[in-house]
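Accompanying notes for the structure given below.
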Amino acid sequence: MEIKTIMVIGAGQMGSGIAQVAAQSGFTTILHDVNKEAVQRGLQGIQKSLAKFVEKGKLSAEEMEATLGRLQPCDDMAAAADCQIAIEAVVENMNVKANIFRELDRLAPADAILASNTSSLPITEIAAVTSRPEQVIGMHFMNPVPLMKLVEIIRGLATSDETYETIEALSRHLGKTPATCRDVPGFISNRVLQVMINEAVWCLYEGVATAEDIDMIMKLGMNHPMGPLALADLIGLDTVLAILEVLQAGYGDPKYRPCPLLRQYVKAGWLGRKSGRGFYRYG
Ligand code: NAI
């Protein structure tokens with residue numbers, strides 16, 4: 001299959017990052033969101049990120065212009081008719097994702113591949129709402145997408161070899177290194193990561209140490225580039241909570257029980273960097 005156009009649904013931090021990388025790699029890239037402002041914010045974020053690459057000499061001004069020229073903001077899902085690959089990156093909620101995949105299935109060409117950037121939701125279940133489960137796959141990028149090298153590829157029960165091979169090749173074309181995982185709750189990345197983040201939140205909740213000291217211990221002690229609480233703020237605390245709930249429901253094991261402090265922060269609207277406050281304050 002020749003891929004010319006990629007559609008990204010959801011223009012938040014992940015969707016805009018994915019759109020940037022797709023456009024930088026030469027694909028016509030349609031960026032859609034239910035919220036028009038999110039698309040505009042996403043495009044501004046892309047522009048800023050590209051400008052940084054230009055400043056650092058990693059991208060020429062002409063390449064930046066060409067990349068921006070390949071990006072098509074759009075508020076109508078019908079644009080899916082023009083894509084060979086759709087990558088969904090909306091909120092971590094099964095009902096919302098299922099509705100989008102029903103729409104994509106109706107609107108995208110019959111041979112188009114429908115991928116989800118979900119952090120933890122079952123690809124098999126998402127695929128089951130479509131009439132083409134063999135063309136549905138998990139394509140899990142890391143945050144921030146333009147900088148992080150990994151794409152975790154998740155094969156649903158019905159995902160075909162052809163779909164898998166196309167997405168593996170596409171990931172490499174986007175400059176990423178693919179690693180493959182079976183369709184289990186949280187896959188590998190978040191099954192392992194979120195337990196650590198949740199444990200760090202429990203430590204804070206129990207007053208064992210300050211947020212700064214918890215993060216310092218993990219940074220300097222374990223050589224992690226970021227502490228778990230700062231990383232949670234980067235991911236978004238609503239997303240962290242949603243993933244822990246998927247893990248808890250999926251494995252039925254109390255070790256995944258989200259810390260009450262995390263729930264309280266999300267209820268307060270303290271979602272991390274994207275809302276200006278989480279375990280730390282921003283802006
Ligand atoms: P975000 O909150 O920054 O963006 C979500 C976007 O989805 C918003 O702009 C919202 O308007 C849009 N949206 C909601 N419903 C929609 C609909 N029906 N149609 C179109 N757009 C809709 O969230 P973020 O962080 O970008 O996460 C998106 C997905 O990526 C989630 O599934 C998350 O689990 C996954 N993910 C997140 C990572 C992270 O570090 N934040 C890392 C890897 C995956």
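Place a point 7 Å from Cα of residue 224 in the direction of its Cβ. Which residues in the stretch 254-276 have their backbone N less than 20 Å from it?
Inside the label zone: 255-266, 271-274.
Would you please put 46-58, 7-19 in order of how densely packed they are, using the mean number of other Cβ atoms within 10 angstrom per residue and starting with the highest?
On the way: 46-58: 14.1, 7-19: 27.1.
By packing density, highest mean first, the sequence is 7-19, 46-58.
Order the peptides 236-242, 102-108 from the highest to the lowest mean number of other Cβ atoms within 10 Å of their residues. Numbers along the way, then the final one.
Working: 236-242: 24.4, 102-108: 18.6.
Descending mean neighbour count gives 236-242, 102-108.
Using Cα centres only, tell me the gap between the stretch 137-181 and the stretch 1-38 in whole Å.
The stretch 137-181 and the stretch 1-38 have Cα centres separated by 15 Å.
Counting alpha carbon pairs within less than 8 Å and at least 6 residues apart, what relative contact order, in whole percent, applies to the stretch 1-56? Walk me through the numbers on the way to the answer.
Working: 61 pairs, mean separation 20.1, N = 56.
Contact order relative to length: 36 percent.
Using only the alpha-carbon atoms, how far is helix 189-205 inclined from the longest principal axis of the chain? Give it as 0 to 90 degrees, nearest 10.
Its long axis makes an angle of about 30 degrees.
What relative contact order, as a whole-number percentage, does the chain give when Cα pairs under 8 Å and 6 or more residues apart are counted? Mind dumping the intermediate values first?
Values: 509 pairs, mean separation 37.7, N = 283.
So the answer I get is 13 percent.
What relative contact order, as a whole-number percentage, does the stretch 190-273 give when Cα pairs under 8 Å and 6 or more residues apart are counted?
Numbers: 83 pairs, mean separation 27.3, N = 84.
Dividing the mean separation by the residue count of the stretch 190-273 yields 32 percent.
What nm value, rounded to one decimal, do you get for the distance between residue 263 and residue 66 when each label is placed 7 Å out toward the C-beta?
Label at residue 263, label at residue 66, 5.3 nm between them.
Can you give the net charge of the other residues whose Cβ lies under 11 Å from the Cβ of residue 248, counting K and R as +1 and D and E as -1? Before the final figure, lay out the partial values.
Details: positive: 255, 257; negative: 245, 253.
Result for the local shell: 0.
Place the peptides 163-175, 223-235 in order of packing, highest mean first, counting for every residue the other Cβ atoms within 10 Å and averaging per peptide.
Details: 163-175: 17.2, 223-235: 20.0.
Order by mean packing, descending: 223-235, 163-175.
If you add up the charges near residue 172, with Lys and Arg at +1 and Asp and Glu at -1, over every other residue whose beta carbon is less than 15 angstrom from its beta carbon, what do you get?
Working: positive: 149, 176; negative: 152, 165, 168.
Net local charge, residue 172 excluded: -1.
For the charge dipole of the stretch 190-273, defined by +1 on Lys and Arg C-beta atoms and -1 on Asp and Glu C-beta atoms about the Cα centroid, which residue among 239, 200, 264 has the Cα displaced farthest towards the positive pole?
The residue sitting farthest along the positive end of the dipole is 239.
Bear in mind that the values in this text are calculations on the coordinates, not laboratory data. Since this is a predicted model, take the numbers as computed values, not measurements. No Cβ is skipped: glycine too gets one built from the backbone with ideal geometry, and neighbour counts run over all protein chains shown.
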